[in-house]
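Comments concern the structure below.
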Amino acid sequence: MKELRCKPYNVKEDILGVITLKGKNIFHRKNAILVKEGLSSPQMGYAATITNSDLSGKGCGGVMPDLTDFNEGDVVMINSKGDIIFLYEINSTHNAIFVTGKCNHRCIMCPQPPITEEPNRTPFNLKLISLIDKNVCELGITGGEPTMIGDDLFTIIKQIQKCQPNAAISLLSNGVKFADREYAKKLALCKHFDLQIDVPIFSDIAKDHNEIVGAKTFYKTVQGLYNLALFRVQIGLRIVVHKKTYKRLPQLADFIFHNFPFVNQVAFLQMETTGIAKKNLDDLWIDPYDYNHELREAVLLLNNRGVRTYIYNAQLCVLPEDIREYAVNSISDWKDIYQPICKDCSLKQKCGGMFATNQQHISAHIHPV
């Protein structure tokens, strides 16, 4: 998520609030953070004030020279170190609620290393959701592994239903917990009008999948998928492509078609080379150009059989022309970049770019079209 730095003043604990540039009346200020240039003193009633003039010793908030990154309706948290963390950006289509850093897998290419201990984030997230614009079209739920918070997951979903009634939900989960049929049933009983759970599967061979996720859970994931299908929950499958998965992409696609005919979509993802993945790059990194043959065969196999298929995080110039139409702009705005060579490319407006964290590991075949 996007972060800025400010000089904090009187910030003794984390401050969560919705950004206002216009100001709010006195009755609606307690959860708002006023961002305004040239303030000589903080205005009453706001959770905090961010300005470009020195207010040290008065009120609480932050001082920084450039205020242009803020928009009316963004939701941020300011901490005592001066970090301003954007938890919701009103102009972004990639907003997600981070429910936990815990995980029951240790995937060798995970960009978000799991943690073992953390405070309960649910009360914080319930407040966060209450501050998010009610007209938002989509929200993600992510982690870690979201099911590690147990039934609190359903409390989060119900809070979104209440506060953002028109928002579709994309839930990222490894699916293992849904091998418990009662837990899968509880998700279905939330009766959300448009919720899709996206579950990773990395091989048609249990041993290979288990090696990648660092746990012997292949069959639990499969059982979880069947339980979710039993209760008519929308399901997407995700395959991160790297050196340990690319060779059997066509076989995996065939396995998905024959064993999971109920899935709503399948997505093939280019790897993000940070977190745990960075430590394992010698075993994982392959130029995406070098797995085009296998990727193309898998994508067309599924699509030709009526399975909705996507490619995430890929650069159009690297993909074969006949599968470029399946590529989606999927990288979050705050970490999406282009190389200087992309400046005059005719496909740039359609291309999803690349991860900022992948600067040292990009395809050698990127070129302007």
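Scan the stretch 349-369 residue by residue and report those that are under 20 Å from the mean Cα position of the chain (by Cα) and assigned to a loop (DSSP other than H, G, I, E, B). Before you say what the answer is, go through the steps one by one.
From the stretch 349-369, those under 20 Å from the mean Cα position of the chain (by Cα) are 351-359; that's our starting set.
Within the stretch 349-369, C351, G352, G353, Q359 meet the criteria.
Just one of the numbered conditions (1) closer than 28 Å to G73 by Cα; (2) touching a residue at least 24 places away in the same chain (Cβ under 8 Å); (3) out of contact with any Cys (no Cβ under 8 Å at 6 or more places or on another chain); (4) not in a loop (DSSP other than H, G, I, E, B) is not true of P123: (2). In the stretch 88-114, the residue that is surrounded by the fewest Cβ atoms within 10 Å (Cβ to Cβ) out of those that are out of contact with any Leu (no Cβ under 9 Å at 6 or more places or on another chain) and more than 19 Å from G175 (Cα to Cα) is N91.
Residue by residue, here is whether (1) in contact with a Pro (Cβ under 7 Å, 6 or more places away or on another chain); (2) buried (at least 20 other Cβ atoms within 10 Å of the Cβ); (3) in contact (Cβ under 8 Å) with a residue 60 or more places away in the chain holds:
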residue: I19; (1), (2), (3): no, yes, no
residue: I26; (1), (2), (3): no, no, no
residue: K36; (1), (2), (3): no, no, no
residue: Q43; (1), (2), (3): no, no, no
residue: A47; (1), (2), (3): no, no, no
residue: K58; (1), (2), (3): yes, no, no
residue: G62; (1), (2), (3): yes, yes, no
residue: F86; (1), (2), (3): no, yes, yes
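On the stretch given as the stretch 152-209, residues that are farther than 30 Å from Y246 by Cβ and of a type outside the set (K, R) total 28.
Of all the residues in the stretch 112-146, those that are more than 18 Å from I85 (Cα to Cα) and in contact with a strand residue (DSSP E or B) (Cβ under 9 Å, 6 or more places away or on another chain) number 6.
Taking the condition of being surrounded by 19 or more Cβ atoms within 10 Å (Cβ to Cβ) and either modelled with pLDDT under 95 or under 24 Å from Q234 (Cβ atoms) (or both), how many residues in the stretch 278-303 meet it? Lay out the reasoning, then the answer.
Within the stretch 278-303, the first condition is being surrounded by 19 or more Cβ atoms within 10 Å (Cβ to Cβ), and the residues that meet it are 284, 288, 291, 294-295, 298-299, 301-302.
Retained after the next criterion (residues that are either modelled with pLDDT under 95 or under 24 Å from Q234 (Cβ atoms) (or both)): 298-299, 301-302.
Counting residues in the stretch 278-303 that are surrounded by 19 or more Cβ atoms within 10 Å (Cβ to Cβ) and either modelled with pLDDT under 95 or under 24 Å from Q234 (Cβ atoms) (or both) gives 4.
For the stretch 153-206, a residue qualifies if it is among the basic types (K, R) and under 18 Å from N227 (Cα atoms), and the qualifying residues are K177, R181, K185, K186, K191.
Taken as a whole, the condition of being in the same structural domain as I169 (by TED's automatic domain parsing), assigned to a loop (DSSP other than H, G, I, E, B) and touching a residue at least 60 places away in the same chain (Cβ under 8 Å) applies to I108.
Just checking, which of G353, G306 is within 25 Å of D198 (Cβ to Cβ) and surrounded by 14 or more Cβ atoms within 10 Å (Cβ to Cβ)? Can you show your working first?
Details: G306 fails: surrounded by 14 or more Cβ atoms within 10 Å (Cβ to Cβ).
So the residue among G353, G306 that is within 25 Å of D198 (Cβ to Cβ) and surrounded by 14 or more Cβ atoms within 10 Å (Cβ to Cβ) is G353.
Regarding the stretch 118-131, can at least one residue be identified that is over 23 Å from A47 (Cβ atoms) and in the same structural domain as G144 (by TED's automatic domain parsing)? For the stretch 118-131, residues over 23 Å from A47 (Cβ atoms) and in the same structural domain as G144 (by TED's automatic domain parsing): present.
The values are calculated or read from the model by the stated rules, or taken from the named source; none is laboratory data. Just so you know, these numbers come straight off a predicted model, no measurement behind them. Methodologically, a virtual Cβ is constructed for each residue, glycine included, from the backbone with ideal geometry; neighbour enumeration extends over all protein chains shown.
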